[in-house]
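K.L.:
My structure is below; once you've seen it, I'll send some questions.
The values are calculated or read from the model by the stated rules, or taken from the named source; none is laboratory data. Quick caveat: nothing in here was measured; it's all calculated off a predicted structure. Please note: Cβ atoms are built from the backbone with ideal geometry, for glycine as well, and neighbour counts cover all protein chains shown. These area figures cover heavy atoms from the full protein model, side chains too; ligands, DNA and RNA do not enter into them. Shrake-Rupley method; radii C 1.70, N 1.55, O 1.52, S 1.80 Å.
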Amino acid sequence: MKSFILASGSPRRKELLQQARYTFSIQTSDLDEIFEPHLTPSEVVCELARQKAEAVAKTNQDAVVLGSDTIVVCNDQILGKPKDQNEAREMLQRLSDRDHSVLTGVAIYEKGETITFFEETVVHFYPLTSEEIEQYLQTGEPFDKAGSYGIQGFGAYLVQSISGDYNNVVGLPLAKTMRELQAFHIYPTIQVRD
């Protein structure tokens, strides 16, 4: 069986792959996330995902390596992970009562070849009061997430609607990723019932 590595420390990506019954290990890189300023948001997530996969692949040449990166885009501005509480508050105020896009780039590396793709999901927030934003900040959820929220936690309270792949907002477009992994002969472990 091929070695399959998730090049991400995200607990959400780990959970999604576990739910899909993949057998994999986790290895992260201490890569600085650097990209050219002229890139579009979809190019940014694909480039960062590629960098993560290839950095881990350098010491795992015989493995299939999956890298991924998620960003939030509102009014053509990329919202990454907040640096502090003030930045998280500003992001949540910006997202209140409007649409934004969640883009996740995925890169799959094997033997010197990398494929990349991305998925986009449109999310609409309810109008948020200052009290609701402060309450959400107190949960601690915003601080390790792009756009300062997690749809799979208490942040679900903020979301009025989504158009697209829910798992993409969580951190990995699972169905599309599973289909792409088949080309690398990476399959879920499915137990046959008696």
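K.L.:
Explain nothing, just compute: Karplus ³J(HN,Hα) = 6.51 cos²θ - 1.76 cosθ + 1.60, θ = phi - 60°, for every residue of the range 60-70 in order, whole Hz, x for Gly and Pro.
P.N.:
With the stated coefficients, the range 60-70 comes to 9, 4, 9, 9, 8, 10, 10, x, 8, 8, 10 Hz.
K.L.:
Oh, and also: Shape call for the range 88-194 from the C-alpha gyration tensor, a ≥ b ≥ c root eigenvalues: rounded (a/c under 1.5), prolate (a/b greater than b/c) or oblate?
P.N.:
prolate
K.L.:
Using θ = phi - 60° and the Karplus curve 6.51 cos²θ - 1.76 cosθ + 1.60, what whole-Hz ³J(HN,Hα) does each residue of the range 33-40 get, with Gly and Pro shown as x?
P.N.:
Taking θ as phi minus 60°, the curve returns 7, 10, 8, 5, x, 7, 6, 6 Hz for the range 33-40.
K.L.:
Equivalent ellipsoid semi-axes for the range 1-108, as square roots of 5 times the alpha carbon gyration tensor eigenvalues: give them largest first, rounded to whole Å.
P.N.:
For the range 1-108, the semi-axes come out at 28, 16, 12 Å.
K.L.:
Ignoring ligands, DNA and RNA, what percent of the accessible area of the range 1-145 is carbon or sulfur (1.4 Å)?
P.N.:
After summing per-atom areas, the C and S share lands at 44 percent.
K.L.:
Further, regarding this structure: Specify the inter-centroid distance of the range 118-194 and the range 1-24, based on alpha-carbon positions, in whole Å.
P.N.:
16
K.L.:
Sticking with this one: For the chain, with a Gaussian network of springs between Cα atoms less than 10 Å apart, report the residue from PRO82, PRO173, PRO11 with the top mean-square fluctuation.
P.N.:
PRO11
K.L.:
Can you list residues whose amide H is under 5 Å from SER3's amide H, if they're 5+ apart or on another chain and H is modeled 1.01 Å from N?
P.N.:
Close amide H contacts, sequence-distant or interchain: VAL64.
K.L.:
Excluding LEU48 itself, what net charge comes from residues whose Cβ is under 13 Å from its Cβ, given Lys and Arg +1 and Asp and Glu -1?
P.N.:
-4
K.L.:
Moving on to the next point. Place +1 on the Cβ of every Lys and Arg and -1 on the Cβ of every Asp and Glu in the chain, take the dipole about the Cα centre, and give the residue among ILE186, GLN138, GLN77 whose Cα lies farthest towards its positive end.
P.N.:
Going by the Cα projections, it comes out as ILE186.
K.L.:
Have a look at GLN61, MET91, GLY150 and report the one farthest towards the positive end of the charge dipole of the chain, computed about the Cα centre with Cβ charges (Lys/Arg +1, Asp/Glu -1).
P.N.:
Of the listed residues, the answer is GLN61.
K.L.:
For the range 17-118, report the accessible area per residue in Å² (1.4 Å probe, heavy atoms, rounded to an integer).
P.N.:
Normalised by residue count, the accessible surface of the range 17-118 is 52 Å².
K.L.:
What does the net charge come to around GLY155 if you take all other residues with beta carbon closer than 13 Å to its beta carbon, with K and R at +1 and D and E at -1?
P.N.:
Around GLY155, the surrounding residues sum to -1.
K.L.:
Given SER29, ILE162, LEU39, which one lies farthest toward the positive end of the charge dipole of the chain, if we put +1 on the Cβ of every Lys and Arg and -1 on the Cβ of every Asp and Glu?
P.N.:
The residue sitting farthest along the positive end of the dipole is SER29.
K.L.:
Compute the Rg/Rh shape ratio of the chain: radius of gyration over Kirkwood radius, all on alpha-carbon atoms.
P.N.:
0.99
K.L.:
Grab the DSSP H runs of the chain that are 4 residues or longer, score each as -39,500 (n - 2.57), total them, divide by all residues and round the 222 nm result to the nearest 500 deg cm²/dmol.
P.N.:
Helices in the chain give a 222 nm mean residue ellipticity of -9000 deg cm²/dmol.
K.L.:
With Cβ to Cβ distances under 13 Å as the rule, what net charge do the other residues near THR23 carry (K, R +1; D, E -1)?
P.N.:
Here the count lands on +3.
K.L.:
Another question about this same structure. Can you tell me what share of the DSSP beta bridges in the chain is antiparallel? A percent to the nearest 5 is fine.
P.N.:
Percent antiparallel among DSSP bridges in the chain is about 85.
K.L.:
Give, rounded to the nearest 20 debye, the magnitude of the charge dipole that the range 70-188 has about its Cα centre when Lys and Arg contribute +1 at Cβ and Asp and Glu contribute -1 at Cβ.
P.N.:
Computed charge dipole of the range 70-188: roughly 240 debye.
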